[in-house]
Each structure stands twice: as C-alpha cells, then as structure tokens.
C-alpha cells in the first residue's frame with residue numbers, strides 16, 4: 001500500500017493480523033524527513049508535535065519507527081547468539097554464551113520484544129531524541145541516563161512529560177512494571193496502539209512465530225502466555241487525554 005492508500009484507513013480501524021505482527025507494511029507510509037515509516041495518523045501527529053517542540057529549541061527527531069517482523073527477528077537472534085549487545089536491567093553488558101537459553105530469553109525481553117510482539121510493528125511507536133542535544137559525531141545509544149536529570153536529553157524528557165499527550169502520544173514504558181524496563185525515548189500514538197494492543201493476543205503471537213527461525217524457541221514456547229502478560233500487556237494504558245487530543249490534532253491538520 002502506498003502512502004495515499006494508507007491514508008484511507010479509517011480512524012480507529014484495528015490493524016490486520018499481518019500488520020499487528022509486522023508481517024505486512026500496508027498500514028505505514030515512508031517519511032523521508034525522518035528516515036523512517038509510520039502509520040499516517042501517527043505521522044501527522046508527530047509532525048505537529050515536532051513543530052511545537054522546535055519553538056522550545058528542541059529538534060525532536062525519531063531514530064526508529066516502523067520495524068517489520070524480519071528486522072525484529074534479526075535483532076532477537078543477534079542478542080541470543082551474542083553478536084549484538086545484550087544488556088541487563090541496569091544497562092550493563094551480559095555475555096550471552098554464559099547464560100542458559102531460558103536466561104538469555106529473559107534477559108533479551110527486558111529491552112527487546114519478541115518478533116511479532118514489537119509495538120514498532122504497528123507504525124504507532126517511535127524512539128525519539130533531541131538532535132540539538134546530540135554532540136557532533138556522537139552515537140545514538142538510547143540509555144535511560146541520557147533522559148534523566150543532567151542527561152543530554154533531559155530537556156526533551158521534561159518537554160514530553162508536559163506536551164506529548166497534547167498530540168496523542170504517551171510513554172508505554174513509563175516505569176518498571178516487572179517486565180520491560182522504562183524507556184523514556186519510546187513514544188506511542190494512542191489511537192493506533194491502544195486497539196492494536198488489545199488485538200494482539202497469545203494465539204496470534206504463537207501463530208506468527210510458528211514458522212520463524214527463532215533462536216530460543218523452546219524456552220519461548222514453554223512460557224509464551226507468561227511472557228505475553230509480563231512483557232506485552234504490562235504497559236501504561238493509553239491516557240484519555242492523549243486519545244482525545246489526537247482527534248483534535250488530526251482534524252486540525254486534515255486538508256479542507
């Protein structure tokens with residue numbers, strides 16, 4: 001689906017099973033100015049929020065948007081095999097080879113979703129930085145300390161706390177709920193992500209993983225229902241303020 005077709009999706013329409021699990025990209029459009037893809041309504045809201053942030057001297061820039069199943073699978077398998085950095089809950093590196101398969105799976109899930117379960121599949125979620133606060137030549141790392149008081153993105157974090165809801169966004173990983181660790185860089189567009197989360201049940205995720213070359217498959221399969229409850233469902237609920245504001249933003253930016 002091209003951008004024009006994607007924009008025809010009715011507001012509030014639930015994504016298809018393939019879209020929910022990252023096995024289709026018919027619900028997203030490319031955003032050349034950001035170098036990523038997003039669901040059209042989320043893209044409209046992000047552009048409006050970025051313009052508002054600019055008036056505060058913040059260059060709000062997404063560094064990750066839509067991510068498909070295969071990309072998420074590559075990230076997962078790389079961490080399981082130790083070819084990608086694997087971090088514990090305090091952002092300290094772990095040696096994957098020193099962990100049993102079940103331990104590796106548990107460690108990966110602290111920061112990384114199963115393929116088929118990533119909120120990035122929905123086109124509603126993106127990771128953001130303040131480009132103005134990134135020193136020339138510095139690498140984007142997305143670490144909690146960068147968004148805390150005294151961190152390079154502290155001003156961005158404070159601004160989002162005050163204004164993200166005004167554009168339909170919220171932080172799904174706002175605090176530790178016993179699963180995914182807090183991610184102050186991760187924004188979610190409520191009108192798309194709320195129905196998507198409700199639709200992504202254990203059976204749909206199991207079906208998406210059925211034919212995937214997933215490392216740690218046995219360890220995942222034996223506890224999939226538990227992982228769904230702990231690492232997928234246990235997030236901040238979409239705030240009513242974000243849901244209400246999103247409708248206003250989309251009406252205001254809709255062509256006459």
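For the reader, a short list of remarks on this structure follows.
- Angle in degrees between helix 240-253 and the longest Cα principal axis of the chain, rounded to the nearest 10: 50
- Anisotropy class assigned to region 17-66 is prolate, per the alpha carbon gyration tensor with a/c at or over the 1.5 cut-off and a/b larger than b/c.
- Sorted by Cβ neighbour density within 10 Å, fewest at the top, the residues 39, 29, 141: 141, 29, 39
- Region 9-137 shape via C-alpha gyration tensor axes, a/c threshold 1.5: oblate
- In region 3-253, the DSSP beta bridges split such that about 100 percent are antiparallel, to the nearest 5.
- Highest average packing first - 177-189, 125-137, Cβ atoms within 10 Å: 177-189, 125-137
- GNM flexibility winner over the chain from 83, 112, 44 (Cα, springs under 10 Å): 83
- Cα→Cβ-extended label distance, 7 Å offset, between residue 55 and residue 143, nm: 3.5
- In terms of its C-alpha gyration tensor, the chain has an oblate overall shape, because the principal axis ratio a/c (a ≥ b ≥ c, square roots of the eigenvalues) is not below 1.5 and a/b does not outweigh b/c.
- Angle of helix 69-81 to the longest C-alpha principal axis of the chain, folded into 0 to 90 degrees and rounded to 10: 40°.
- Pairwise centroid distance, computed over Cα atoms, of region 49-101 with region 172-231, Å: 15
- Helix axis angle, 154-163 relative to the chain longest principal axis, alpha carbon, degrees: 60
- The chain, relative contact order in percent, only Cα pairs under 8 angstrom and at least six apart counted: 23
- Residue order, fewest to most surrounding Cβ atoms within 10 angstrom, among 146, 70: 70, 146
Values quoted throughout were computed directly from the atomic coordinates according to the rules given, and no laboratory measurement underlies them. Please read all numbers here as calculations on a predicted model, not as lab measurements. All Cβ positions, glycine included, derive from the backbone under ideal geometry; neighbour counts span all protein chains shown.
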